[in-house]
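A.B. asks: Just dropping this structure here.
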Amino acid sequence: MGRLLTFVVGGIVSGVLLVGTASGTILSPSGDTCTASGSTTTYTLHITIPGGAPQYGFAFVTPGTTLKSAVIPGTNGDFSTQNLSPPATGAWISDSPLSGAPIATLTTSSPATGAITIIPSASQSTFFAPVGCTLSTAAQPASIAFIIDRHVTYNAASDTWRMVVTIPEPGTVSATQLEPTTGTGAATPVTAKPQIQSRRVVTNNAGNVDLTLQPTSSGRTDLKARASIKVELDITYQSQGGKSANKLLILTLEK
C-alpha cells in the first residue's frame, strides 16, 4: 500500500507513552477512546473516533507478546509488521479514512502481560499520540452459532465468488482475509498482499446471507498465474442482540 509506518518512541511522561517523529516532535492527541476485552491470545478492541482529522488505521502495542494478526471487518486495509519501532509489533492501515466506532480483533502469540495501546494513524507517515485501551469489566457477549457453506460459486460475469452464511438472528456478517507475515532471522519480514477484498453485510433478517468475494489486483494476478488461489478468511458474525462469533476458513478459489 506504500504507507510508511516508521515512528520513534519519544518517552514516558506522567505515565503516558508519547510517540514522536524522527525530529522528536510530539504528535497531538486524536481524541480516540478504546476499550479492550478478551484473554489468552484473542482480543477485541472497541475504538471510538470522534471526528476531526482523518485517521487511516492503528499501530498496536501488545505488552509481553507479538501481534500475529489484526482485522477491522468492513474496511479495506492491510496488516503489517514492517517498519515499526518498538514497542509496537503490528499495524492495520486502510487506504481510506476510518470513522465512527471500528472494532479491531487482535490475535497474539501469547497472552498480553499489560494493557493494550493503539496508536492512530494520522497520515501516510505520521501517527497521533498513543491511546490506552481500558480493560472492559462487563460480561462478555455470549457466543452464537452460525453456519458457513464451504461450497462457493464462481460468477464469471462479475469475476466474484458467492459464499452463503446462515445466521439465526439479524446482525452483521463480514469476511476478511488474514495475510501471513514471512521472514525470519536475517531476512526482512514481508506481509503478503490480500488476494480477496474485505466484505461486510448488515441484515435485519435471519437466514442466508450472501457474501461476495472479489479478488484484489494482486489476487487477479495470482489467478492468471496459477488458475486458483488459496486464502484464509476470518468470518465474523455479530448479532443485533450483542452475541458474536467468528470462524477461520481456508478456501481454494477457482474460476
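The values are calculated or read from the model by the stated rules, or taken from the named source; none is laboratory data. Quick caveat, the model's predicted, so the values are computed rather than measured. Cβ placement follows ideal geometry from the backbone for every residue including glycine, while neighbour counts extend to all protein chains displayed.
A.B. asks: So, restricting to strands (runs of 3 or more DSSP E) that lie completely within segment 46-120, which ones have at least 1 residues that are buried (at least 17 other Cβ atoms within 10 Å of the Cβ), aromatic (Phe, Trp, Tyr) and touching a residue at least 12 places away in the same chain (Cβ under 8 Å)?
C.D. replies: Correct list: 55-61, 77-80, 90-98.
A.B. asks: Given the structure, is Thr113 modelled with pLDDT of 85 or more and not assigned by TED's automatic domain parsing to the domain that holds Ser69?
C.D. replies: no
A.B. asks: Taking the stated definitions as given, is Thr42 of a type in the set (S, T, N, Q) and closer than 23 Å to Thr176 by Cα?
C.D. replies: Criteria met by Thr42.
A.B. asks: Follow-up question, since we're still on this one. At least 2 residues that are among the small types (Gly, Ala, Ser) and at pLDDT 85 or above in each: list the strands (runs of 3 or more DSSP E) lying fully within segment 123-208 that qualify.
C.D. replies: 171-177
A.B. asks: Among the candidates Gly100, Gly57, Gly51, Gly77, single out the residue that is modelled with pLDDT under 85 and either under 16 Å from the mean Cα position of the chain (by Cα) or closer than 22 Å to Ser218 by Cα (or both).
C.D. replies: Sole residue among the options that is modelled with pLDDT under 85 and either under 16 Å from the mean Cα position of the chain (by Cα) or closer than 22 Å to Ser218 by Cα (or both): Gly77.
A.B. asks: Asp222: at pLDDT below 90 and surrounded by 14 or more Cβ atoms within 10 Å (Cβ to Cβ), yes or no?
C.D. replies: no
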